[in-house]
Amino acid sequence: MNNVIEIPVWSIRTAEPFKNLFPVGEKVLSEIIDDMNKNGFDRAHPLILWQNHGMTLIDGHTRLQAAMACGIDKIP
């Protein structure tokens, strides 16, 4: 069962091999930041975390960076 919960951005950790699997493009990051500033974090695209390994981020590194740049404290 998939559970979507909101968690503080500071509690999410990044680690290899996931961290550099898909490099964060500056143009895409800028576009996502602009969108998040206007519309907030899109709950239709939550971050995917490996909960049993210290809340390690699997998918959503660009979204996490954008949320942090926008000052969003909690994300799905």
### Task
Compute the Cα gyration tensor for segment 21-64, then decide on rounded, prolate or oblate, letting a ≥ b ≥ c be the square roots of its eigenvalues: rounded whenever a/c is under 1.5, prolate when a/b is larger than b/c in the other cases, and oblate in all that remain.
oblate
### Query
Per Stokes-Einstein, at 20 °C and 1.002 mPa s, what whole-number D in µm² s⁻¹ belongs to the chain, with the Kirkwood radius over Cα pairs as the hydrodynamic radius?
169 µm²/s
#### Entry: Cα centre as origin, Lys/Arg/Asp/Glu Cβ charges: the chain dipole, Debye
140 debye
### Message
Once R0 is set to 25 Å, what does the formula 1/(1 + (r/R0)^6) return for the Cβ-Cβ distance between ILE58 and LYS27, expressed as a FRET efficiency to the nearest 0.05?
### Response
0.60
### Burial ranking of peptide ranges 51-61, 34-44 (average Cβ count within 10 Å, highest at the top)
51-61, 34-44
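We did not get these values from a lab; they are worked out from the coordinates using the rules stated. From a predicted model like this one, the values you see are computed outputs, not experimental measurements. With ideal geometry, Cβ positions are generated from the backbone for all residues, glycine too; neighbour counts draw on all protein chains shown.
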